[in-house]
Amino acid sequence: MSEFLARLVPFVCIFALVGFLEWKYPFRQLACRKGFRWFNNIGLVVVDSLALRIVLPVLAVSVAEHVYSHQAGLFG
């Protein structure tokens, strides 16, 4: 199984479970439409995932370059 599926399957299962429980046992009256709120939540998940995939590798290389230029680090 690929990493993508190993992350996607639990996310979809938990999301479906929480969605079902929210539909079956509402905690309070909704202030906005549920579809609008869920669309925003899924959008945040997508944007955050893409940002992490882009930012973390760039950050790691930047830190490594900074440490190397100052001749510091574990093996410095």
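Details
- Every condition in (1) within 21 Å of the chain's Cα centre (by Cα); (2) among the charged types (D, E, K, R); (3) open to solvent by 90 Å² or more (accessible area, probe 1.4 Å) is met by Arg33 except one, and the failing one is (1).
To keep it simple, each residue is scored yes or no on (1) open to solvent by 80 Å² or more (accessible area, probe 1.4 Å); (2) in contact with an Asp or Glu (Cβ under 6 Å, 6 or more places away or on another chain); (3) assigned to a helix (DSSP H, G or I); (4) modelled with pLDDT of 90 or more.
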position	(1), (2), (3), (4)
Ile14	yes, no, yes, yes
Phe20	yes, no, yes, yes
Pro26	yes, no, no, no
Arg37	no, no, yes, no
Asn41	no, no, yes, no
Ala51	no, no, yes, yes
Ile54	yes, no, yes, yes
Val58	yes, no, yes, yes
His66	yes, no, yes, yes
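- Number of the exception - Gln71 against (1) part of a helix (DSSP H, G or I); (2) open to solvent by 100 Å² or more (accessible area, probe 1.4 Å); (3) not hydrophobic (A, V, I, L, M, F, W, C): (1)
The values are calculated or read from the model by the stated rules, or taken from the named source; none is laboratory data. What you are looking at is a predicted structure, and each value in this text was computed from that prediction instead of being measured. Quick reminder, even Gly has a Cβ in these numbers, built from the backbone with ideal geometry, and neighbours come from all protein chains shown. SASA here: full protein model, heavy atoms, side chains in, ligands and nucleic acids out. Shrake-Rupley method; radii C 1.70, N 1.55, O 1.52, S 1.80 Å.
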